Amino acid sequence: MGRPRKFDEDEVVEAAARVFWGGGYDGTSTDDLCRATGLTRSSLYNSFTSKEELFVRALRRYAEERADRQAALLEDEARPGLERIRELLAMIVEDEMEGREEGRASGCFTVNTQTAPVRRHPAVAEVLDTDRRKRLGVLEGAIRAGQADGSITAGRAPAELAWYVNSLVGGARVAGQAGVGRDVLEGVMATGVRALEP
């Protein structure tokens with residue numbers, strides 16, 4: 001009979017997510033993961049079998065937490081559709097500013113991974129594709145609600161506008177990493193909101 005684990009697996013995945021988020025897959029070593037999680041190499045590999053598996057689990061955890069947080073805003077039926085989108089974009093700006101203030105100007109883990117070579121790993125691609133479909137679906141729902149309540153233009157297809165907002169968010173994440181200030185990011189988001197108005 002094996003010895004019981006003496007660590008919380010969720011805490012290990014959370015710690016690994018922070019390291020991968022900052023350094024990416026290729027920029028994170030096993031030693032980095034051991035330092036962040038407090039595990040030895042043997043414990044790490046006995047529990048997660050590989051760096052790839054731990055990365056996938058960390059990315060999935062991050063994506064699900066962010067998707068849930070965004071869905072809470074975008075599915076709020078008490079608000080007009082456009083207001084939901086405006087709140088989402090304001091939240092993105094706050095995330096970038098808080099990250100910079102806390103010394104972790106790491107942008108978005110999923111956006112960073114989309115452009116990294118590890119994107120081609122089938123399990124990573126599956127996490128990213130699932131996350132993208134979920135986010136686009138929730139965005140599209142908010143846009144349909146906005147078109148129904150008159151706050152969002154009915155002249156464009158909801159799926160097209162969902163991609164537009166998704167691209168706006170991704171661009172803001174990258175701009176935030178590049179050091180763009182709050183005023184510029186807020187201006188970009190305001191322009192994006194105006195483009196959705198009737």
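The values are calculated or read from the model by the stated rules, or taken from the named source; none is laboratory data. Since this is a predicted model, take the numbers as computed values, not measurements. For neighbour counting, all protein chains shown are included, and Cβ atoms are generated from backbone atoms with ideal geometry for every residue, glycine included.
Results, tabulated for the structure shown:
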quantity: Residues being part of a loop (DSSP other than H, G, I, E, B) and among the charged types (D, E, K, R) - total across the range 79-111; calculated: 3
quantity: Contacts under 9 angstrom Cβ, first residue in the range 149-174 being free of Cβ contacts under 8 Å to residues at least 40 places away in the same chain and crowded, with 16+ Cβ neighbours inside 10 Å, partner of a type in the set (S, T, N, Q) and not in a helix (DSSP H, G or I), 6 or more apart; calculated: LEU161/THR153
quantity: Every residue from the range 59-105 that is small (Gly, Ala, Ser), over 18 Å from ALA190 (Cα atoms) and in contact (Cβ under 8 Å) with a residue 40 or more places away in the chain; calculated: ALA63, ALA67, ALA71, GLY99, ALA105
quantity: Residue that is modelled with the lowest pLDDT [pool: residues in the range 6-28 that are loosely packed, with under 15 Cβ neighbours inside 10 Å and in a loop (DSSP other than H, G, I, E, B)]; calculated: LYS6
quantity: Unique match (being assigned to a loop (DSSP other than H, G, I, E, B) and of a type outside the set (Gly, Ala, Ser)) among ASP76, ASP32, ASP68; calculated: ASP76
quantity: Members of the range 35-56 that are in a helix (DSSP H, G or I) and among the hydrophobic types (A, V, I, L, M, F, W, C); calculated: ALA36, LEU44, PHE48, LEU54, PHE55, VAL56
